Amino acid sequence: IEERSTSFHFGMFSWVRQEQGGRNKEGEMYQTVTEGLQSLYTKKLLPLEETYLFHDFHSPALEAADFQSKPMVLLVGQYSTGKTTFIRYLLEQDFPGMRIGPEPTTDGFIAVMYGENEGVVPGNALVVDPKKPFRKLNAFGNAFLNRFICSQMPNQVLQSISIIDTPGILSGEKQRISRGYDFAEVLRWFGERVDRIILLFDAHKLDISDEFSEAIKALKGQDDKIRVVLNKADQVDTQQLMRVYGALMWSLGKVINTPEVVRVYLGSFWAKPLQNTENRRLFEAESQDLFRDVQSLPRNAALRKLNDLIKRARLAKVHAYIISYLKKEMPSLFGREKKKEELIMRLPEIYTILQREHHISPGDFPSVTKMQDMLQHYDFSKFPSLKVKLIESVDKMLATKIAVLMTMIRDEESKQPPAMVSGGAFEGSQDGPFGQGYGEGISAGADAEDWIVNRDKHRYDEIFYTLMPVNGKITGVNAKKEMMNSRLPNTVLGKIWKLADCDRDGMLDDEEFALAQHLIKIKLEGYELPTELPDHLVPPSHRKNPTADAMYNHTED
């Protein structure tokens, strides 16, 4: 009995060890989040997917390369909106297989990836490479694979991200038929696997053609990954740009059905001079925002893969419920065909029944019409019935194991933050005199010999002497009246007062007052105020003179 009880205890503890998510069968911790995700997928989710034909209905099985690949950016847009030029702008060099022109030039998909040797790998060779995450594209057949290449080059940007260029989308019906493969389905496949989807628009070409509209709808469910770039925005003036932006938001609202507004970046994403320079500062700020967004992708890659795995698990569970319900409803002998037709017709009603029965939100269900089309080709009586164990295993994964991976992501980040995207256009713009705000706002005059406030001091002095200074200084009450004319909120004016009152005596002399007016001007121009006054803005009479200081301290002694 003693022997049996110890073995029971040992067995129990080994079970506990395994259950504390993060440990694999050997009882050791996963080395990385990626390894953990891959292990959870193959052990918990894949059996459910295989049992209920999930791969036939929704999405092919995930492979090791899907978990280990670098973050990917997918570019989608109508022809000649500057997709290929945009990639060239980011990389700051041409890539193999690149063609640019005003006519539709890119007629296939190009995966621009890092490789020691520059060159092009054709589609058929790509889909047999286990190191690349493209093996499942095999299903789209030769018509697609002949128009799919991987462009490899040793570029620093590509060490952190890969970029997928897509064919320029044309308007009209002809294009859809002549492609020879299901363009929207290929986009959906990429949409599920990439980290960022950038829709490119041209300021002169805002119409969303039928195929473009279908392409955007194929990305449904990936709304959190979508960003929009309004390219060539320098080719219109400010007034036209306002109208173009409004029209774009209106068009997008009809195609992307989300309650929140999609983020649109305005700019001219190529290395040519701006045609209209009046919005230069706006374009600079927008491109920096877009760069920051793309640079954050490696940092959020593990989180994105985790998020996509949760989405997939929820869909797989719902799919299992649908399939097993259809199986349960089938008669054992006669009238199968009739019953099948009836069940397909009743699918919306079946969705409602399953929602109530299993407490599932309506948003987790696949499209009814797509499901009805797919189901026509299957024999329901051959479907598997509900295997509760498989579903419980996925539920347990979602409830406990995922939480462990979340903490692992945070630990990994704190120990070794992932490298930001660098090189190409991500390099250089922040340093030197062309960084944001350099020589503007608060840093204006940093390189000048004279005090920059002197340039307008004669105007500020005129106001100063109307405020009745006593012994060369004005009180806070008098200064307040004048400063309030700027209409800036009190919190901002309070900060300006603190910065301008250099000797902290609660009053302002003519130089301090001029400084306050200069800071108000900076704030009104839209720049930020510093927490401490930079040396070049300190009024001359308040600057410390090292030699005088030394003499003063000496006499004190």
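Only bridges with both residues in the chain count here: give the DSSP antiparallel percent, nearest 5. Roughly 35 percent of the beta bridges in the chain run antiparallel, per DSSP. In this simple spin-label approximation, residue 385 and residue 278 carry label points 7 Å from Cα along the Cα→Cβ vector, and these lie 7.4 nm apart. For the chain, the square roots a ≥ b ≥ c of the C-alpha gyration tensor eigenvalues yield an a/c of 1.5 or more together with a/b exceeding b/c, which makes the shape prolate. The lysine pair count for region 441-547, using Cα distances under 25 Å and pairs eight or more places apart or on different chains, is 28.
Dividing the C-alpha radius of gyration of region 441-547 by 2.2 N^0.38 Å, with N its residue count, gives 1.01. Straightening the chain between residue 541 and residue 396 buys 45.1 nm, computed as 0.36 nm per residue apart minus the Cα-Cα spacing. I'd like the carbon and sulfur percentage of the solvent accessible area for the chain, probe radius 1.4 Å, heavy atoms only, ligands and nucleic acids excluded. Carbon and sulfur atoms account for 53 percent of the accessible area of the chain.
Calculated FRET efficiency, residue 427 to residue 484, Cβ-Cβ distance, R0 = 41 Å: about 0.35 to the nearest 0.05.
The separation of region 50-80 from region 270-336, counted between C-alpha centres, amounts to 10 Å.
Using the average count of surrounding beta-carbon atoms within 10 Å as a protection proxy, the listed peptides 46-57, 311-322 rank, highest first, as 311-322, 46-57.
Using a probe of 1.4 angstrom and keeping all protein chains present, the accessible surface of the chain works out to 53 square angstrom per residue.
Ignoring lysines fewer than eight residues from residue 205 along the same chain, the ones with Cα atoms less than 20 angstrom from its Cα are 83, 174, 217, 232, 254, 272. Placing +1 on the Cβ of each Lys and Arg and -1 on the Cβ of each Asp and Glu in region 269-310, which of 277, 287, 302 has its Cα farthest towards the positive end of the resulting dipole? My answer, from the dipole projection, is 302. Would you mind classifying region 228-310 by shape? Square roots of the alpha carbon gyration tensor eigenvalues, ordered a ≥ b ≥ c; an a/c under 1.5 is rounded, otherwise it is prolate if a/b is larger than b/c and oblate if not. Because a/c hits 1.5 or more and a/b fails to exceed b/c, region 228-310 counts as oblate. Between region 363-402 and region 463-487, what's the alpha-carbon centroid distance in Å? About 74 Å separates the Cα centre of region 363-402 from the one of region 463-487.
Using θ = phi - 60° in the Karplus curve 6.51 cos²θ - 1.76 cosθ + 1.60, the 3J(HN,Hα) couplings for region 189-197 round to 4, 5, x, 6, 10, 8, 9, 9, 10 Hz; x is entered for Gly and Pro.
Between residue 327 and residue 43, what is 0.36 nm times their sequence separation minus the Cα-Cα distance? Round to one decimal in nm. Intermediate results must be reported in sequence, preceding the final value.
Details: separation 284, 0.36 × 284 = 102.24 nm, distance 2.52 nm.
Full extension of this stretch gives 99.7 nm more.
Angle check, please: helix 347-358 long axis (alpha carbons) against the longest principal axis of the chain (alpha carbons), in degrees 0 to 90, nearest 10. On a 0 to 90 degree scale, this one is about 80. Length gained on full extension, residue 410 to residue 125, computed as 0.36 nm times the residue gap minus the Cα-Cα distance: 98.9 nm.
How high is the FRET efficiency from residue 185 to residue 403, r the C-beta distance, R0 56 Å, rounded to 0.05? List each step's numbers first, then the result.
Values: r = 34 Å, r/R0 = 0.61.
It comes to 0.95.
The HN-Hα couplings worked out from phi for region 294-306 by the Karplus form 6.51 cos²θ - 1.76 cosθ + 1.60 (θ = phi - 60°) are 5, 5, 7, 4, x, 5, 9, 4, 5, 5, 5, 5, 4 Hz, whole numbers, x standing for Gly and Pro. Here residue 372 and residue 204 are evaluated by their C-beta separation; at R0 = 35 Å the FRET efficiency comes out at 0.30. Taking amide H as placed 1.01 Å from N in the peptide plane, the amide H of residue 162 sits under 5 Å from that of 72, 73, each at least 5 places away or on another chain. Coupling constants for region 230-235 follow from the phi torsions by the Karplus curve (6.51 cos²θ - 1.76 cosθ + 1.60, θ = phi - 60°), and in residue order they are 8, 8, 6, 6, 7, 8 Hz; glycine and proline get x.
When only C-alpha pairs under 8 Å and at least 6 residues apart count, what is the relative contact order of the chain, in percent?
14
Shape class of region 503-543 from the Cα gyration tensor (axes a ≥ b ≥ c, square roots of the eigenvalues): prolate, since a/c reaches 1.5 or more and a/b is larger than b/c. Taking amide H atoms as placed 1.01 Å from N in the peptide plane, the amide H of residue 226 lies under 5 Å from those of 197, each 5 or more residues away in sequence or on another chain.
Taking label positions 7 Å along the Cα-Cβ direction at both residue 249 and residue 303, the computed distance is 2.6 nm, reported to one decimal.
Here the simple spin-label model places points 7 Å from the Cα toward Cβ, and for residue 217 and residue 346 these points are separated by 2.9 nm.
Heavy-atom accessible area for residue 495, with the other protein chains in place and a 1.4 Å probe, reaches approximately 80 Å².
The values are calculated or read from the model by the stated rules, or taken from the named source; none is laboratory data. The structure displayed is predicted, hence computed values, not measured ones. No Cβ is skipped: glycine too gets one built from the backbone with ideal geometry, and neighbour counts run over all protein chains shown. Accessible surface is based on the protein model in full, side chains and every heavy atom, while ligands, DNA and RNA are left aside. Shrake-Rupley method; radii C 1.70, N 1.55, O 1.52, S 1.80 Å.
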